[in-house]
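Data block below; observations after.
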């Protein structure tokens, strides 16, 4: 057992090099004969030995009934090769590009499958992820979404590991499998940790105030004006012609800054975790915020893209 564990890394290194030449990474993969492997299972090996034993008994004692049973079992054993291979052949797989998570947490990877015929007893598993299994039955002409988890690593940007697709359908005599390389990557952000608002030295959040110089420009309603600009409360109080507001009050914000000091080691990881928590909190509150590090400064903004850009910088800091 220990020898097997010591030899496995070398075996997988050699196999990975061979697979990279045979099936390079691609955004979408359709399984074919070139990348599908098939071997008998342990049950299939015993089944074949049973066929050999029956054949020897039938020929030795010249018993046609035993020979008939032998040929019947041998036919099932051979036909199951084709059925097991067809259960994987032609299956298309792809992966979404939005793969992101946090350090020391499981990361969900969404896999999409498309098939023109039904598939049964399929097992999906990422390489070197022993506790990550998903069993599925694929319906024809319909997209089937699968969610597989990858154990969280340290923060960074990683390529998606190879996906192993296997099946022993229909009788469990043969096992077909394939190692799929999907050309996708996933982000691992620092694990968010709560802290006080003064840990990073960012500015205190100031509540928004209104620009009153342009908030009182009113006129009477004209044909074509938006109904959203009508002052309905004033119309209810005074039944004269409706009044509309020309311009909405502009909300002005004093942006908050998340500053990461130039640290190293455990102190840097803790600061990045606190910074990640602060960015998520500011985005949840729909505030304007910016990020300052020793490498780059992102101006204040808000939205999913701005948050993603800031978190990606924290994931690569100080490598970027």
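The values are calculated or read from the model by the stated rules, or taken from the named source; none is laboratory data. Bear in mind that the values here come from a model prediction, so they are computed numbers and not experimental data. Methodologically, a virtual Cβ is constructed for each residue, glycine included, from the backbone with ideal geometry; neighbour enumeration extends over all protein chains shown.
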Task: Top-ranked residue in region 292-320 [being surrounded by 15 or more Cβ atoms within 10 Å (Cβ to Cβ) and farther than 21 Å from residue 98 by Cβ; ranked as modelled with the highest pLDDT] - done: 292
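So that you can scan it fast, the table gives a plain yes or no per residue for (1) buried (at least 17 other Cβ atoms within 10 Å of the Cβ); (2) assigned by TED's automatic domain parsing to the domain that holds residue 41; (3) at pLDDT below 85; (4) within 30 Å of residue 46 (Cα to Cα):
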{"position": "110", "(1), (2), (3), (4)": "no, yes, no, no"}
{"position": "131", "(1), (2), (3), (4)": "no, yes, yes, yes"}
{"position": "134", "(1), (2), (3), (4)": "no, yes, yes, yes"}
{"position": "148", "(1), (2), (3), (4)": "yes, yes, no, no"}
{"position": "167", "(1), (2), (3), (4)": "yes, yes, no, yes"}
Task: strands (runs of 3 or more DSSP E) enclosed by region 253-320 - at least 3 residues per element that are touching a residue at least 24 places away in the same chain (Cβ under 8 Å) and in contact with a strand residue (DSSP E or B) (Cβ under 6 Å, 6 or more places away or on another chain) - done: 256-259, 289-292
Open item on the list: Being closer than 21 Å to residue 176 by Cα, touching a helix residue (DSSP H, G or I) at 6+ places or on another chain (Cβ under 9 Å), assigned to a helix (DSSP H, G or I) and in the same structural domain as residue 145 (by TED's automatic domain parsing) is the requirement here; does residue 19 meet it?
Closed with: no
- [ ] For region 1-17, state whether one or more residues are closer than 30 Å to residue 189 by Cβ and either surrounded by 11 or more Cβ atoms within 10 Å (Cβ to Cβ) or modelled with pLDDT of 95 or more (or both).
- [x] yes
TODO: Given the conditions (1) surrounded by 15 or more Cβ atoms within 10 Å (Cβ to Cβ); (2) within 34 Å of the chain's Cα centre (by Cα); (3) at pLDDT 65 or above, report the number of the one that residue 264 does not fulfil.
DONE: (1)
TODO: Select from region 18-28 the residues that are over 12 Å from residue 162 (Cα atoms) and under 24 Å from the mean Cα position of the chain (by Cα) and write down the one among them that is surrounded by the most Cβ atoms within 10 Å (Cβ to Cβ).
DONE: 28
Open item on the list: Please pick out the residue among 224, 172, 201 that is touching a strand residue (DSSP E or B) at 6+ places or on another chain (Cβ under 7 Å) and either in a loop (DSSP other than H, G, I, E, B) or modelled with pLDDT under 75 (or both).
Closed with: 201
- [ ] Would you be able to say whether some residue in region 140-152 is more than 11 Å from the chain's Cα centre (by Cα), within 25 Å of residue 311 (Cβ to Cβ) and part of a loop (DSSP other than H, G, I, E, B)?
- [x] yes
Open item on the list: Tell me yes or no: at least one residue of region 74-90 is assigned to a strand (DSSP E or B) and surrounded by 14 or more Cβ atoms within 10 Å (Cβ to Cβ).
Closed with: no
Task: Test: residue in region 42-60 that is assigned to a strand (DSSP E or B), over 30 Å from residue 270 (Cβ atoms), in the same structural domain as residue 167 (by TED's automatic domain parsing) and free of Cβ contacts under 8 Å to residues at least 40 places away in the same chain - done: no
TODO: Name every residue in region 91-108 that is assigned to a loop (DSSP other than H, G, I, E, B) and buried (at least 17 other Cβ atoms within 10 Å of the Cβ), in order of residue number.
DONE: 91, 99, 103
